[in-house]
Amino acid sequence: MTIQNALREGHNLLFYAEVDTPVLDAVVLLGEALDISKEKLFASLPEVIDGDSYQQYRDMLKLRCSGIPVSYIRNKKEFFGLEFYVDGRVLVPRPDTETLVEALLGFIEKNPGPLNIHDTCTGSGCVAISVKSRNPDLDISASDISREAGEVFAINSKALLGYQLPCYRSDLLQQVPGSFDLISANPPYLLESEVDNLSKIGWPEPELALRGGIAGTALAERLIIDSAFRLKAGGAIFLEGAAGQMERLKAHLRASGYSEIKVFKDLGGRDRVVSARWRRCA
Ligand code: GLN
């Protein structure tokens, strides 16, 4: 069997299993089985695939056909130029969340000096670790309510930074000490109905990382209130949410006494992140 035929076979299997991106997934999984890059894979199409790699590829295709995301099969996901370890204990980092990282980096650049940052609902740690990797001197901590997410966070912190960033097990900020210049979160923000539909099809991501209450904004709204007591004057909150939730979040921020409310768009042009400052000093 040539690599080209293996690719065709994988594509067909995934296509009939109604996987959304059958070509891309077959390429990524075959590259993983052969332990080579996409470029190398395309340069090797006429070559014969060895038995072990082929078997591994077939096993991965089977998992993909059963609905397991490619990132869980490979145990990795690229995010902000870094490779994060992921498994069923955490939400797979989405490209949309890079908007949150960019927005935080923009704030940090405009407000030089020693800032301390807390990223809650951190999951794999993709936000906290990406920001820290660009700003090694900043004081950054993280938290998550899930003990299992904390385990994955520790794996990523060690692998990508070489040491452990502080990560608390906490329901939002409840068990986190201190006050902050910046608080960020990609909280669970799917609607109750969306999560119910996902669990019906056996979606493998942790529900805890997705379920955002009836309007999807329950956690974000709680964090807006809690952060008012934990942000320093002039500090800021940055929250990811769905485009349809932004008006509600903006209204909630305004009513809670925040100012300078800004919305940032994701790569698809949808509103994705909202930020606001807490009682800015003159
Ligand atoms: N953006 C994710 C999705 O659409 C949801 C992430 C979250 O709830 N924080 O699946």
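The values are calculated or read from the model by the stated rules, or taken from the named source; none is laboratory data. Predicted model only: the values in this text are computed from it and were never measured. Note that each Cβ is placed from the backbone with ideal geometry, even for glycine, and that neighbours are counted across all protein chains shown. Surface accessibility is based on the protein's heavy atoms, side chains included, excluding ligands, DNA and RNA. Shrake-Rupley method; radii C 1.70, N 1.55, O 1.52, S 1.80 Å.
To the nearest 10 degrees, how steep is helix 22-34 against the longest Cα principal axis of the chain, on a 0 to 90 scale?
It works out to around 80 degrees.
Pull up all non-local amide H partners of GLY235: gap of 5 or more, or a different chain, and H-to-H distance under 5 Å with H placed in the peptide plane.
Amide H neighbours of GLY235, under 5 Å, 5+ apart: TRP278.
Gain in length, SER37 to CYS65, computed as 0.36 nm per residue apart minus the alpha-carbon separation, to one decimal in nm?
7.8 nm
Under 11 Å from the Cβ of SER141, count the other residues' Cβ atoms, weight Lys and Arg +1, Asp and Glu -1, and hand me the total.
Here the charged neighbours net out to -1.
Using a 1.4 angstrom probe, figure out how much accessible area the chain has per residue, in square angstrom, rounded to the nearest whole.
On a per-residue basis, the chain sits at 48 Å².
Given axes a ≥ b ≥ c from the Cα gyration tensor, I'd like to know whether region 1-117 is rounded (a/c under 1.5), prolate (a/b larger than b/c) or oblate.
prolate
Rounded to the nearest percent, how much of the accessible area of the chain (1.4 Å probe, protein heavy atoms only) is carbon and sulfur?
Carbon-and-sulfur percentage of accessible area, whole number: 54.
What figure, in Å² to the nearest 10, do you get for the accessible area of THR21 with a 1.4 Å probe and non-protein molecules left out?
For THR21, the solvent-accessible surface is approximately 60 Å².
If you place +1 on the Cβ of every Lys and Arg, -1 on the Cβ of every Asp and Glu, and leave all else neutral, what size is the dipole of region 134-282 about its Cα centre, to the nearest 20 Debye?
560 debye
Using protein chains only and a probe of 1.4 angstrom, how many square angstrom of ARG272 are accessible, to the nearest 10?
The accessible area comes out at roughly 20 Å².
Which one of ILE145, LEU104, ALA128 has its Cα pushed farthest toward the positive end of the charge dipole of the chain, where Lys and Arg give +1 and Asp and Glu give -1 at the Cβ?
LEU104
Quick one: go through region 142-183 and flag any residue whose amide nitrogen is under 14 Å from the point 7 Å out along the Cα-to-Cβ line of GLU102.
Nothing falls inside the zone, counting backbone N under 14 Å.
Name the residues whose placed amide hydrogens come within less than 5 Å of the amide hydrogen of SER124, ignoring near sequence neighbours (fewer than 5 apart) on the same chain.
Here LEU91 satisfy the definition.
I'd like the orientation of helix 51-65 relative to the chain: the angle between its Cα long axis and the longest Cα principal axis, in ° from 0 to 90, rounded to 10.
On a 0 to 90 degree scale, this one is about 50.
Given points 7 Å out from each Cα along the Cα-Cβ axis, report the GLN174 to SER259 separation in nanometres with one decimal.
It is 3.3 nm.
Give me the net charge for the shell around PRO114: Cβ to Cβ below 13 angstrom, other residues only, Lys and Arg +1, Asp and Glu -1.
Overall, the nearby charge balance is -2.
Between ALA154 and THR2, how many nm apart are label points set 7 Å from Cα along the C-beta direction?
According to this spin-label approximation, the distance is 4.9 nm.
Which length gain, in nm to one decimal place, applies between ASN135 and LYS76 when the Cα-Cα distance is subtracted from 0.36 nm times their residue separation?
18.9 nm
Give the angle, between 0 and 90 degrees and rounded to the nearest 10, that separates the Cα long axis of helix 3-16 from the longest principal axis of the Cα atoms of the chain.
Roughly 60 degrees, rounded to the nearest 10.
Round to a whole angstrom and tell me the spacing of the C-alpha centers of region 162-202 and region 7-32.
32 Å
In debye, nearest 20, what is the charge dipole magnitude of the chain about its Cα centre with +1 on Lys and Arg Cβ and -1 on Asp and Glu Cβ, if you could check?
Magnitude of the dipole: close to 920 debye.
List, in order, the whole-Hz ³J(HN,Hα) value for each residue of region 193-198 obtained from phi through the Karplus relation with A = 6.51, B = -1.76, C = 1.60 and θ = phi - 60°; use x for Gly and Pro.
5, 5, 5, 4, 5, 5
Provide the FRET efficiency to the nearest 0.05 for the TRP203-ASN12 pair, computing r from the beta carbons and using R0 = 35 Å. Each step should come with its number before you reach the end.
Details: r = 24 Å, r/R0 = 0.70.
Computed FRET efficiency for TRP203 and ASN12: 0.90.
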